[in-house]
Amino acid sequence: MKATIIGGGIIGLCSAYYLRKDGWDVTIVDKTDLSDNCSYGNLGMIVPSHFVPLAAPGIVSQGIRWMFNAKSPFYVKPSLSMNLISWGLKFLKSANARNVESAAVPLRDINLLSKGLYEELKDLPGFDFSFEKKGIMMYYKTEHVAEEEIHLAEKARSMGLDAVALSREEVKALEPQMDPDVLGAVHYKCDAHIYPNALNRQLVQWLRESGVKFVTGTDIRKIVVEGTFVKKVITAKEEIATDVLVAAAGSWLPEITRMVGVSIPLMPGKGYSFTLASPEKVLNIPAILCEARVAITPMGGRMRYGGTMELGAVNNKVNMTRVQGIVESVPDYFPGLELEMPAEKDVWHGFRPCSPDGIPYIGASQKVSNLLIAGGHAMMGLSLGPATGKLIAELAGHKTTSISVAAFDPERFS
C-alpha cells in the first residue's frame, strides 16, 4: 500500500515514520529542501501543560491592546483578505469558556501521548535529540497574572498533571545562576524539552535509510480525484500514484486541501527565534515569561529565545522591531540576563499554522475517502508531532486510535 505525504515538517516526518513502521510504501513531497521547516527554530517544548487553546476568553481584548504596540507579542496585520476575515469571525466565535473546557482533555491526552512516544523514540538507535524531563517554568510578575496562573495550575492538577506554584525564593533555588525579578512561577513538572534541530535531521536520516522516498523542491500541480478517491499527485517533477494521501503541509494546508474540494480554515502565525551558542548564563529549566509571551529554552549549552505571533499572509520579511520586543522583555524577568540585539541574518522565523479554535486538525476527510488531514497545530507542532504521526498511521490502517480523535475533526467548520 502506498501513502503520499504532502509536507516535510515535523508532522509529515512523524506521519511517515509511523506509516513506514506499519509497512507502508511512503513518499514525502515538499516544496522546500527540508533544511529549514517550521520545527527547526522552535523552542523544543513538549507541553502537556498547554491544555488551553489559543481561542480563549480574554485573548480578543488583550490582542486588541497588543496591536497598538509594535513590540507586543501578538499582531494581526490589517487586511481585506477574505481568508483572514472568515478565520477571524470563526476565532471570535470560538474564544469562549465552552471551547476551553471541551478542548482541555483532548489537548492534555494528545500531548501526554506524544511525550510517551518521544520517550520511546529517544532510546532507539540513531536518535539522540537531548530529551530532558525538567518541566517548564511559567514566570509571572503581576498579581493578576499570578492569580490566573495559580488557578490554571489547580486545574492542571485536577486533570492529573504535575504542577506546583513556587515563590520567588523557591524559583531562585532552582535557577542558581539567575536572580529572577518575579512574584513567582508555576513549575509544570509534566513537561519536557528536546533539541529540535537534531530530531529533524535524525528523522530524515531514519526515513531515508528505511526506504522512504523524498520528492523535494517542487510544487503540487494537481491532485487527481476519481469519484471520492485520490488516485495520484502530480508535481512539477513527477506523478505519484497513491492509496492514501496525507495533507500535512503546515501553513500551506488550505492550498492543498482546496485542490480536492475540502476547505480548511487556517492562518499562518509568524514567530521568531534566535539562539546564543555560548551564553554567559544558562537557565536550568525552560521558561515562559507569561506577560511578555516569550519562551526561553536551554539546549545543550545553548540558549534559544523565541516569541511573537503575527497573523497574516505568508511572507519572509523579518520585523526586527518585534524581535526587539523579545530582547527587551528578558531582563525584566532576569535582570542579569542582558541580551544584545541579534543581527537580522541570525534571526529565524517560521509560520505556525493556526486553526480558528486553537485545536489541531487530525482525521479522515468525509468528502474524500482516502484523504487524511494533519495540521493546524499552531505552537504545539513539535510537541504533538509523534502523537499526530501515530494517529495518522492508525487511521490509514483503519485501526482503533490510541486516543479519540473526535475533537480534532478536520471538517468541523464545514
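Points worth noting:
- Formal net charge of residues neighbouring GLY135 (Cβ-Cβ distance under 12 Å; K, R +1; D, E -1): +1
- Protein accessible area in segment 76-124, 1.4 Å probe - carbon and sulfur %: 61 percent
- Segment 255-328, accessible surface, carbon-and-sulfur percent (1.4 angstrom probe): 49 percent
- Most to least accessible of TRP87, TRP252 (protein chains only, probe 1.4 Å): TRP252, TRP87
- Percent antiparallel among DSSP beta bridges (both partners in the chain, rounded to 5): 70 percent
- Segment 1-45 versus segment 209-266: alpha-carbon centroid distance in Å: 13 Å
- In the context of the full set of protein chains, residues of the chain present 42 Å² of accessible surface per residue (probe radius 1.4 Å, heavy atoms only).
- Between segment 386-414 and segment 75-134, the alpha-carbon center distance in angstrom: 14 Å
- Order of exposure, largest accessible area first, which applies to TYR40, TYR305 with probe 1.4 Å: TYR40, TYR305
- Partner aspartates and glutamates for LYS317 [C-alpha distance under 19 Å; skip if fewer than 8 residues away on the same chain]: ASP36, GLU344, ASP346
- HIS377, HIS151, HIS50, HIS398, reordered so the largest accessible area comes first (probe 1.4 Å): HIS398, HIS151, HIS50, HIS377
- Proximal lysines relative to LYS231, as straight alpha-carbon distance under 25 Å, when same-chain residues fewer than 8 apart are discounted: LYS2, LYS21, LYS31, LYS213, LYS222, LYS367, LYS390, LYS399
- Computed over the chain, the per-residue total of -39500 (n - 2.57) for DSSP H runs of n ≥ 4 gives a 222 nm mean residue ellipticity of -10000 deg cm²/dmol, rounded to 500.
- Globularity ratio of the chain, using Cα Rg and 2.2 N^0.38 Å: 0.95
- Remark: the Cα gyration tensor places segment 225-336 in the prolate category, a/c being 1.5 or greater and a/b exceeding b/c.
The values are calculated or read from the model by the stated rules, or taken from the named source; none is laboratory data. A quick note: this is a predicted structure, and the numbers were derived from the prediction, not measured. Positions of Cβ are backbone-derived with ideal geometry, glycine not excepted, and every protein chain shown enters the neighbour counts. Accessible surface is based on the protein model in full, side chains and every heavy atom, while ligands, DNA and RNA are left aside. Shrake-Rupley method; radii C 1.70, N 1.55, O 1.52, S 1.80 Å.
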